[in-house]
Each structure stands twice: as C-alpha cells, then as structure tokens.
Amino acid sequence: MSRDYWEKRYRTHDMPWEKGAPSPGLVDFLSGHAQLPRGSVCVPGCGTGHDVREWARAGFEAYGADIAPGAIGLATDKTKAAGLAAKFQLADFLRAAPPFQFDWLFEHTLFCAIEPSQRDDYVRAVLRWLKPDGQYLAVNYLIPDQDGPPFGTTRDELWNRFSPHFDLLSEWVPRSYPNRTGLELMLWWRRKSRPAGIAG
Ligand SMILES: C[S@@+](CC[C@H](N)C(=O)[O-])C[C@H]1O[C@@H](n2cnc3c(N)ncnc32)[C@H](O)[C@@H]1O
C-alpha cells in the first residue's frame, strides 16, 4: 500500500483501526513489567501515536514512524496536548534508514497493513532499526483474511520468519480491544547475538 493510500485514509477519516487508546496488550505488558530497564523504543506504523505515548508514559525514550503525513500530524498534536516528549518521523519503515538503532521495537497492526509480498522487507527493516541485542515486542493479528488490509497471518508464519533472528522469550494471548478479543497473540523476542542471513 502506498503513502497516498494511507494518507487518503487519514484525510477521509477512514480509520477503523483508530481506537482512541493504546493496545490493551501493551498497557498490561508495561504495567506488569515495571522493573524493565528503560531505553529507546520505536513504534513503526504508529498511526496517531497512542502506543508511542504509552511507552513514553512508562519512561521510555519513545519514537514513532509512519508513512502518512496525516498520521504524523495527529500524533504530534496529541502528544503535545498530553505534555509528553515522544518524537515522530515521517518515514517508510520498509525502506528508510533509522535515526539510530533502538533498544525495543513495538509492532501493532503494521505487519498486517503491508502487502504480504513485503514481509521479507519488514523483517529486514526490523533488523535494521533494532540494536543487535534489541527486543521485539509484537501484538500480532491472527485473522484469516487474504484480502486486506488487514492481511492475516498465522503463528507458524511468524515463527518461520522471526525465529531465525530472534529467541522467543514469551508468548501469550493478551487483553484486546473488544472487536479483536481472541484474535491477537503477543510474541516477545530478543534478537540473537549471532544474526542469521535472510534471503532476498
Ligand atoms: C492499520 S494502521 C495502524 C496504526 C496504529 N499502529 C494503530 O494500531 O492505531 C497502519 C499504519 O501503518 C502505516 N504504514 C503503512 N505502511 C507503512 C510503511 N511502509 N512505513 C511506515 N508506516 C506505514 C499507515 O499509515 C497506518 O498509520
């Protein structure tokens, strides 16, 4: 999906993913892991920035990237209004170089928003934006849809794509927005110290 496609969806307020609140799974993760060392985190495909602000509230150096100028504008305004210090950048996560490599990367409905044919690019981008020993926390949307966005995935696909590069620390079915209950799977990965190659 192109930048124009996403920008039009923001301009026309066609944003069914916009829930006005951060991912419940992220809220519970952060409150349940209060002792985690604080560091930098990037949320690619951050939309209006609810998840970025949740990481910022928890004391992380929080950063959001999105391909749509409308999303970055809304995220910046809402963050200023909330009195938080998160930063936002207009960027195509799949192609751009990161401003620096992050300690954490948080996935929430970007993997399902891109074309499935771009998923190798997505894994390469995660490896580019994350520090060598970084952590990748994902709220995965396990729906069957092939006609998206959103495009579905399975745990098997996620395992096959990420386990060559990451060790799985934990997985669980999170609390979700009401219309996604039982459809989400959280995977918490730590990047392997010896990276695997990726084809393509
Ligand atoms: C389904 S929305 C989810 C937004 C946000 N994560 C949320 O849950 O509210 C997908 C977001 O990814 C952004 N996006 C799509 N392709 C992108 C890309 N290649 N790089 C960065 N952002 C992208 C879109 O503009 C949109 O804001």
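The values are calculated or read from the model by the stated rules, or taken from the named source; none is laboratory data. Being a predicted model, the structure only gives us computed values, none of them experimental. Cβ placement follows ideal geometry from the backbone for every residue including glycine, while neighbour counts extend to all protein chains displayed. For the accessible areas, the whole protein counts, side chains as well, though only heavy atoms, and no ligand, DNA or RNA atoms are used. Shrake-Rupley method; radii C 1.70, N 1.55, O 1.52, S 1.80 Å.
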With all protein chains modelled, accessible area of Val27 [1.4 Å, Å²]: 40 Å²
Taking all protein chains as present, what is the carbon and sulfur share of the accessible area of the chain, in % to the nearest whole number, probe 1.4 Å? 52 percent
I need to check one value: relative contact order of the chain, counting alpha carbon pairs closer than 8 Å and at least 6 residues apart, in percent. 18 percent
With DSSP loop assignment and no more than 13 other C-beta atoms within 10 Å, the trypsin sites (Lys or Arg not before Pro) in the range 1-86 are Arg38
Where Cα atoms sit under 29 Å apart: lysine pairs in the chain separated by 8 or more or lying on different chains: 13
Once Lys and Arg get +1 and Asp and Glu get -1 on their Cβ, which of Ala86, Trp172, Val126 lies farthest toward the positive end of the dipole of the chain? Ala86
Heads up, the range 65-141 by the C-alpha gyration tensor (a ≥ b ≥ c square roots of eigenvalues; a/c under 1.5 rounded, else a/b over b/c prolate, else oblate) looks prolate
Per principal axis, largest first, the Cα atoms of the range 60-107 extend in Å by 29, 24, 18
Under a 1.4 Å probe, what is the accessible area of the chain per residue, stated in Å²? 47 Å²
How high is the relative contact order of the range 36-108, in percent, counting Cα pairs under 8 Å that sit 6 or more residues apart? 39 percent
For the chain, with the dipole built from +1 on Lys and Arg beta-carbon atoms and -1 on Asp and Glu ones, taken about the Cα centre, which of Thr48, Asn140, Gly182 lies farthest toward the positive end? Thr48
Rounded if a/c is under 1.5, else prolate if a/b is larger than b/c, else oblate: which is the chain, with a ≥ b ≥ c the root eigenvalues of its Cα gyration tensor? rounded
Would you mind putting 121-128, 101-108 in packing order, based on average other-beta-carbon counts within 10 Å, highest first? 101-108, 121-128
Bridge type composition, the chain - antiparallel percent by DSSP, nearest 5: 45 percent
Determine the calculated [θ] at 222 nm for the chain from helices alone, applying -39500 (n - 2.57) to every DSSP H run no shorter than 4 residues and normalising by the residue count; nearest 500 deg cm²/dmol. -8500 deg cm²/dmol
